[in-house]
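See below for the structure under consideration.
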Amino acid sequence: MCGIVGYIGKREAYPVIIKGLRRLEYRGYDSAGVAVIGKGEGLNVYKCKGKVADLEKHTQGKDITGTVGIGHTRWATHGEPNDINAHPHYSQTKDIVLIHNGIIENYAAIKENLIKRGHTFESQTDTEVLVHLIEEVKQRDGLKLGHAVLAALKQVVGAYAIAVIDKNKPDEMIAAKKGSPLVIGVGDDEYFVASDASPIVEYTKNVVYLEDEQVAIIKRHEQLKIRNLKDKEITPSVQEIEMELEAIEKGGYEHFMLKEIYEQPRSIKDSMRGRLRTDLGVVQLGGIVDYEAKFLKAKRIIFIACGTSWHAGLVGEYLFEEYARIPVEVEYASEFRYRNPVIYEDDIVIAISQSGETADTLAAIELAKSKGATIIGVCNVVGSSIARATHAGSYTHAGPEIGVASTKAFTAQVTVLTLMALHIAYKKGTIPENRYRQLLFELEAIPQKVERVLTLNNTIKKIADIYKDATNFLYLGRGYSFPVALEGALKLKEISYIHAEGYPAAEMKHGPIALIDEEMPVVVIATKGANYEKVVSNIQEVKARKGKIIAVVTEGDKEVTKMADFVMEIPDTDESMVPLLSVIPLQLLSYHIAVMRGCNVDQPRNLAKSVTVE
Ligand code: G6P
């Protein structure tokens, strides 16, 4: 969480930083701040509680000139969101300023020591301690800024992506990382530093992904230098990124979330591109080809993920068990990592993550790896920490997802898991050839069916208007639709702040049924399939208690349509692919309800897109 941006070069730094911060706001928006070193007054620091737009207002009419600077958008961990806790933070002399994404776990001990040495602190943050430590080491050992950062970081336990500038060194910026992401853009006589590539792509496509425990010494008119914490020089590896600018802009939509919902026909297609070969009757997953033998021998698959990605893992469980006949467990990464799980060398661990930066997922991977399991990644962000930490994997290729509530990343994850499960099943011989081929064609038809689901938008808007003031929602589904019920409820909670629960429809009678009265909207995924009649009975149980039924049904449905207050019809498909269609009306429902309630859809309160703290 938290977004950081830095610039050094020939342009004015402030506009580059502000634009970059706006792009990184999905990472946190509790406060924002900027520091620029100008010619006249030297170092100017501005920061305030609130969003980047508040920071812009705050800096109006002030001196923001300078060609080197750093900026930050915060998701608060240590210390409440206020002006003082906002980054950048000053050193004791106020000469050095620093921005930070991550957590310094041993900050209390360092702070105590520094206080003994005469340091005074303004904020409650762990970050302020780090910049004081850097200055202390610099002065004590007579070090240059880069080496002082390096020496200070050796004392630090925790995670960080930082950028540091010194008022007395306007031609230099230091950046470092461990655990949190940091990308350096290498332009023409200019450098950019950011939490991801989105603030950089507009200026250059050449980037260096800093590795953990590396420090970049970035000097004006000089080559980029990187050293590790052992003070060994590392040759920077410059890579070209593919991200296009239009992918990170709203493109005429009111919100990123809506744009991303509408992108799904394309993003699902992109996640199948070159992999689903109906012409050859095969699935080609180049990223895992060397690990196929491990899959075929695996006694168990363990999915680890958080949030929406965990829901995709649940769909994966149904897919792999049904088709590949491999037992599956689906684990919250945050629980898995701390409970001494039993992991065998012939286990396959599939880590699912949109951002590829989720701290708990990353830690769970390291644990599983240390026990000898094979780790496969299903990530969206190319080159992300999780993608690099896994043995192999398949990217989802959904394109940048900016809205905090995940939409297109979910359908892309489910698509990739479907491809994987079918492929492994075919190789294992656990699926008849004709069924396999039929499913490949079914999957190929999904993007076009998603297009049809999106035409429900106006109907869904009307339903949203009727239920927008409800205080609770229940989401029910069975089989493949159970994870979709969970995901539908999560979407509503995240962006509209309405309490919602997702439940297996049959389990409702063991608790949630007590909540049902005439005020309670119950969203039921009641599409055609093996459990259809059972779900019909569950709907009757809700109706008997006067609950309101909003049902997702298969086109042409009669039975549920008669009983439901409202229906959203989706095209017919194979039961195992229904999640790719049924989740979309639920995304739209939560979107419209949130908009009608005046909520900030793309930046819901307290949340962040990339959770790099545990
Ligand atoms: C945060 C985001 C969710 C996301 C979850 C896991 O909570 O707001 O949208 O599902 O993290 O993130 P990941 O990047 O690992 O998929």
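Rundown of residues vs (1) under 25 Å from residue 26 (Cα atoms); (2) touching a Leu at 6+ places or on another chain (Cβ under 6 Å); (3) assigned to a loop (DSSP other than H, G, I, E, B), yes/no style:
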{"site": "212", "(1), (2), (3)": "yes, no, yes"}
{"site": "217", "(1), (2), (3)": "no, no, no"}
{"site": "222", "(1), (2), (3)": "no, no, yes"}
{"site": "226", "(1), (2), (3)": "no, no, no"}
{"site": "243", "(1), (2), (3)": "yes, no, yes"}
{"site": "247", "(1), (2), (3)": "yes, no, no"}
{"site": "254", "(1), (2), (3)": "yes, no, yes"}
{"site": "260", "(1), (2), (3)": "yes, no, no"}
Q. Being in contact with a Phe, Trp or Tyr (Cβ under 8 Å, 6 or more places away or on another chain) and within 16 Å of the ligand (Cβ to nearest atom), is that true of even one residue in region 240-255?
A. yes
If we scan region 288-303, do we find a residue that is surrounded by fewer than 13 Cβ atoms within 10 Å (Cβ to Cβ) and not in a helix (DSSP H, G or I)?
-> yes
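Before we move on, is residue 401 surrounded by fewer than 24 Cβ atoms within 10 Å (Cβ to Cβ) and either modelled with pLDDT under 95 or assigned to a loop (DSSP other than H, G, I, E, B) (or both)? Let's see the steps before the verdict.
Details: surrounded by fewer than 24 Cβ atoms within 10 Å (Cβ to Cβ): no; either modelled with pLDDT under 95 or assigned to a loop (DSSP other than H, G, I, E, B) (or both): yes.
So residue 401 does not fit the description; no.
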Over region 563-614, the set of residues modelled with pLDDT under 95 and either among the hydroxyl-bearing types (Ser, Thr, Tyr) or under 20 Å from residue 267 (Cα atoms) (or both) is 602, 609, 610, 612
When region 341-362 is checked residue by residue, the ones that are surrounded by fewer than 21 Cβ atoms within 10 Å (Cβ to Cβ) and in contact (Cβ under 8 Å) with a residue 40 or more places away in the chain are 343, 344, 346
Reported set for region 387-405 where residues are touching a helix residue (DSSP H, G or I) at 6+ places or on another chain (Cβ under 6 Å) and either within 12 Å of the ligand (Cβ to nearest atom) or farther than 20 Å from residue 332 by Cα (or both) is 392, 394, 396, 397, 398, 399, 400, 401, 402, 403, 404, 405
Checked region 561-614 for anything within 15 Å of the ligand (Cβ to nearest atom) and among the β-branched types (Val, Ile, Thr); matches are 583, 601, 611, 612, 613
Wholly inside region 457-528, strands (runs of 3 or more DSSP E) that include 1 or more residues that are touching a Phe, Trp or Tyr at 6+ places or on another chain (Cβ under 9 Å) and surrounded by fewer than 21 Cβ atoms within 10 Å (Cβ to Cβ) are 499-504
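Please go through region 190-210 and pick out each residue that is of a type in the set (Asp, Glu), surrounded by fewer than 24 Cβ atoms within 10 Å (Cβ to Cβ) and more than 14 Å from residue 225 (Cα to Cα).
Within region 190-210, just 202 meets the criteria.
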Picked from region 339-381 (must be of a type in the set (Asp, Glu) and within 22 Å of the chain's Cα centre (by Cα)), the residue nearest to the ligand (Cβ to nearest atom) is 357
For residue 365, the lone unmet condition from (1) touching a residue at least 60 places away in the same chain (Cβ under 8 Å); (2) in a strand (DSSP E or B) is (2)
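The values are calculated or read from the model by the stated rules, or taken from the named source; none is laboratory data. Here the structure is a predicted model, which is why all the values come from computation and not from measurement. Glycine gets a Cβ as well: all are built from the backbone with ideal geometry, and neighbour counts include every protein chain shown.
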